[in-house]
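Below is one structure; the comments refer to it alone.
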Amino acid sequence: MLDQILQSLGYVRPEFALVFTFLSAIVADLVTKRKAIVAGIVLGGFAATAYYVFDEIGVSVSTFNNMLAVDPFAVFFKFVVIGSSILIVMFSLTSNEVNGSERRLGEYYALLAAMTTGMFLMVGSSNLLMMYLSLELTSISSYILAGFTKEAPDSAEASLKYVIYGALSSGFMLYGISIVYGLTGSLDIYSINQALASGNVSRIALLIGGILAVAGFGYKISAVPFHFWTPDVYEGAPVTITAYLSVASKAAGFAMLMRFLKVTFIDSSILNLPLGTWGTIKGFELTNIIIIIAVLTMTLGNLVAIWQDNVKRLLAYSSIAHAGYMLLGLVVLGNDGYAATMIYFVVYLFMNLGAFYVVMLVSNKTGSEDIQDYKGLGSRAPLLAVAMAIFLVSLTGLPPTAGFVGKLYLFAALIRAKFIWLAIVGVLNSVISLYYYVRIFRNMFLRDADGHAEPLSFEASNIVLLLVLLVPTIALGLYFGPLVQFAQSSVAMFGVK
């Protein structure tokens, strides 16, 4: 046992780097009041973590007695999470919301490190107890960060709603896990799969337990009907945290859900299946359930976004809709679908963080997130307006942006799996999303600013970071081969023990 633990410790260096970063940020905050030092320590820790993740490329092992998997699938999502974390720290350095008062920011950056640690554990969890613990570590950190700007009138409300919905979904998840454990005698998802394959488990009881457990995953990815917290929390939290929750937290939740569905319910004994597709254990056909959740999620998100006048709240409902698009990849029950979802996450990282970054920069200058305050932005800040237009075009899924590539692979996977009608529903939802994105276009380029509006100027560092997000949004729409290969190779041996 001791030898196994010591051997496993060698495969969790990224997580150790994050824990060390968390502790270093706390100590640095106690020793010095300079936020730049604490932010620099966290950035350095994240860079070291990324280096250790690079070392894990090609590794495929199960550590700590099947508690945590280190495999190409986990590594892919770790890159998404750590990339988002680095960008959010850079966002935070120039955010008026975060830096607006005299508060010490050590705990802010330390909690970012703690939240990143939780998400790293989520993407590799292969034990239901580990899934719950890592989810709680991520959630508790995000509860505090969502209410970080205590002086804002809607900040405390956002944090409180987040806690209440999070506690409710955690209760459902724990109850579901207890049912699954009682039926199968195991928390290890590989052992649960073997118990299900034996056919000696009550189908009804397991269905109830599985649905309750999935409630925890659905809450984290903002899928209907577990999405109610999302708009209020996204609106009340600082823009930096809203952006972080919309990308990194969603990515970790999807990674955990995808591993749970693939490993737990796959039936490897089914023969004559097309290469790269999976069969599920008889009595646990999940396709219809995922289809219903995906269609409801993207449709509700897009329809309700039409009525929003706050840009941050509009992007919140947009992120709910994008969770629905990503769920389409899970419907396929095959490597193509999973790889398409993973490709979508990478392009979503750049285009969604880019849109939120523009919202933050405009809010810094105008003090508002209302869509009416974007009037005349095309003449007041041409580069910012053009960048926002490209990010929104990409979120819609139009060429030649990266968002088109993401949706192309999702819809292509659906068509190959003969879910043509579902691909059509996805395309129609993309058309609906174009309607509310066009409202922002219209205000930026076709309407003049109210009153006497001065041109907006930004620091060189803001422009550089904007280009860091803008260039990949365009480049990945034109040259996406390496990304596709990386996603496909990351999922090729996924779930094979």
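The values are calculated or read from the model by the stated rules, or taken from the named source; none is laboratory data. Everything quoted here is computed from the prediction, not taken from an experiment. Reconstructed Cβ throughout: ideal geometry from the backbone, glycine too, with neighbour counts over all protein chains shown.
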Residues of the range 176-224 classified as hydroxyl-bearing (S, T, Y), at negative phi and crowded, with 20+ Cβ neighbours inside 10 Å, total: 2
Candidate set: the range 10-44, residues that are farther than 13 Å from L105 by Cα and charged (D, E, K, R); chosen: the one surrounded by the most Cβ atoms within 10 Å (Cβ to Cβ): E15
Extreme residue, modelled with the lowest pLDDT, among residues of the range 362-389 that are β-branched (V, I, T) and in contact with an Asp or Glu (Cβ under 9 Å, 6 or more places away or on another chain): T366
Test: residue in the range 328-341 that is under 29 Å from P238 (Cβ atoms), at pLDDT 90 or above and assigned to a helix (DSSP H, G or I): yes
The lone exception for T230 - which of (1) within 29 Å of N96 (Cβ to Cβ); (2) of a type in the set (V, I, T); (3) without any contact (Cβ under 8 Å) to a residue 40 or more places away in the chain it fails: (3)
Residue among V359, V347 that is surrounded by fewer than 24 Cβ atoms within 10 Å (Cβ to Cβ), modelled with pLDDT of 90 or more and either under 22 Å from T230 (Cβ atoms) or touching a His at 6+ places or on another chain (Cβ under 7 Å) (or both): V359
Breaking point among (1) buried (at least 24 other Cβ atoms within 10 Å of the Cβ); (2) modelled with pLDDT under 90; (3) touching a Ser or Thr at 6+ places or on another chain (Cβ under 7 Å); (4) under 30 Å from N193 (Cα atoms), for M173: (3)
Residue within the range 4-25 that is hydrophobic (A, V, I, L, M, F, W, C), in contact (Cβ under 8 Å) with a residue 24 or more places away in the chain and touching an Asp or Glu at 6+ places or on another chain (Cβ under 8 Å) present: no
Residue match in the range 397-410 (condition: in contact with a helix residue (DSSP H, G or I) (Cβ under 8 Å, 6 or more places away or on another chain), part of a helix (DSSP H, G or I) and farther than 21 Å from Y479 by Cβ): no
Flag for L408 being within 29 Å of F480 (Cα to Cα) and surrounded by fewer than 21 Cβ atoms within 10 Å (Cβ to Cβ): yes
Residue within the range 109-125 that is farther than 18 Å from P14 by Cα and out of contact with any Ser or Thr (no Cβ under 6 Å at 6 or more places or on another chain) present: no
Given (1) of a type outside the set (D, E); (2) touching an Asp or Glu at 6+ places or on another chain (Cβ under 6 Å); (3) under 22 Å from F228 (Cβ atoms), number of the condition S170 does not satisfy: (2)
The range 95-109: number of residues that are free of Cβ contacts under 8 Å to residues at least 12 places away in the same chain and under 22 Å from the mean Cα position of the chain (by Cα): 0
Residue check for A47: of a type in the set (A, V, I, L, M), part of a helix (DSSP H, G or I) and surrounded by fewer than 13 Cβ atoms within 10 Å (Cβ to Cβ): no
Count of residues meeting criterion [part of a helix (DSSP H, G or I) and over 19 Å from the mean Cα position of the chain (by Cα)] in the range 134-157: 3
Selection within the range 195-208 - closer than 13 Å to G185 by Cβ and part of a helix (DSSP H, G or I): A195, L196, S198, L206
Hey, S461 surrounded by fewer than 19 Cβ atoms within 10 Å (Cβ to Cβ) and among the small types (G, A, S) or not: yes
Pick from the range 51-94, criterion surrounded by 21 or more Cβ atoms within 10 Å (Cβ to Cβ) and hydroxyl-bearing (S, T, Y), ranking: farthest from the chain's Cα centre (by Cα): S92
In the range 417-433, residue farthest from G301 (Cα to Cα) [restricted to those that are at pLDDT 90 or above and surrounded by fewer than 17 Cβ atoms within 10 Å (Cβ to Cβ)]: I420
So T63, is it more than 27 Å from Y109 (Cα to Cα) and of a type outside the set (D, E): yes
Failed condition for V163, given (1) closer than 20 Å to R259 by Cβ; (2) among the β-branched types (V, I, T); (3) surrounded by 15 or more Cβ atoms within 10 Å (Cβ to Cβ): (1)
Hey, V427 in a helix (DSSP H, G or I) and over 26 Å from T94 (Cβ atoms) or not: yes
